[in-house]
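Just so you know, all these numbers are worked out from the coordinates, no wet-lab data involved. Remember, predicted model here, so these are calculated numbers, not experimental data. Counting neighbours? That spans all protein chains shown, and the Cβs are built from the backbone with ideal geometry, glycine included.
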Amino acid sequence: MIDFHLHFGRMYRSSYPAKPPLSVHALVDWMNRNGVDIGVLLPLESPEGGWGYLLTEDVVEARNAYPERFVAFVCADPRYPLAAQQIDYFVKHHGCRGFGEHVCEGAFDGERNLVLYRRCEEHGLPVVFEINTDYCSDEVGLPRLARCLREFPNVAWCGHGPGFWCAISADDDRTCGYPTGPIVPGGAIDRLMEKYDNLWLDLSAGSGNVALTRDPEFTLGFVERWWSRMLFGTDYLGPGQPIPQFDWLRDLAVSDEVRDAIAFGNARRLLGL
């Protein structure tokens, strides 16, 4: 399996010492116990992403310690004046294969974000992003995301977070959160997936799990439509965290071809592994 969404370090910093940091060695041990062969390490360099501040340097160091187990992404806070140059440096000199996790204050298509997206377009980097109410925000129908899908076709946009996954239902009102109950067909995600082949689905975290379990009947059709752009991920942060995605994928009523594509095949194709 390839886990497309992993962090380590001081992600539970606000709870410390009740929840100590997760070392990269402990992360590898967790991967071994759960059948994860390769993990995509996502830095978090904006405070909105958490007070743990997982820097790109730390991710590269972890990747170098376990080169067969990890793929390193680069991240940069758009408020940093040299953010675009930071992307160049880590792509050219450290082999980072993508950008993210991108989560910061302001609109998804804010001018500072567009600077980073242009650089990702030049490098052909996939971007793992989180949309939420107060950061990387968007309106009903995700028009800001749609703009970026149009303007940066060389970027594979990997959607994540409550504000993204709530848009699976046509009654999404942008309160985000973790809605329950039946999904109303015709949501923004289906519409954008149909129109733009550079939108991918990051299945990680509570937001991905809730979206794909709240309405099992809808989910089967959704998976049938978009399985070739679904990326298995967990957003694992530390011991004791439940990860329902393992059971969900195992129990999903699909062919082995579809299950394998979600588990690792799509990620291998996207990352060129």
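Summary of computed values
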| item | result |
| --- | --- |
| Over region 1-84, volume per residue of the alpha carbon convex hull, in Å³ | 95 |
| Cα shape, the chain, gyration tensor, a/c 1.5 rule | rounded |
| Point-charge dipole on Cβ atoms (K/R +1, D/E -1) for region 2-271, about Cα centre, debye to 20 | 420 |
| Sites THR133 and ARG269, calculated FRET efficiency, Cβ-Cβ separation with R0 41 Å, nearest 0.05 | 0.80 |
| Candidates PRO216, PRO43, PRO126: whichever shows maximal mean-square fluctuation once the chain is modelled as a Gaussian network with Cα springs under 10 Å | PRO216 |
| GluC sites (Glu not before Pro) restricted to DSSP loop in region 157-264 with at most 10 other C-beta within 10 Å | none |
| Region 226-273: mean projected area of Cα convex hull, nm² | 3.9 |
| Sparse-neighbour loop sites [GluC sites (Glu not before Pro); region 1-70; at most 15 other C-beta within 10 Å; DSSP] | GLU68 |
| Among ALA83, CYS104, ASN64 the positive-end extreme of the charge dipole of region 61-105 (Cβ point charges) | ASN64 |
| Ranked packing of 133-145, 230-242, most packed first, by mean Cβ within 10 Å | 230-242, 133-145 |
| Environment charge of ASN32, counting only residues whose C-beta is closer than 15 Å and scoring Lys/Arg +1, Asp/Glu -1 | -2 |
| Amide hydrogen neighbours beyond the local backbone of VAL127, cut-off 5 Å, H modeled | PHE99, ALA156, TRP157, CYS158 |
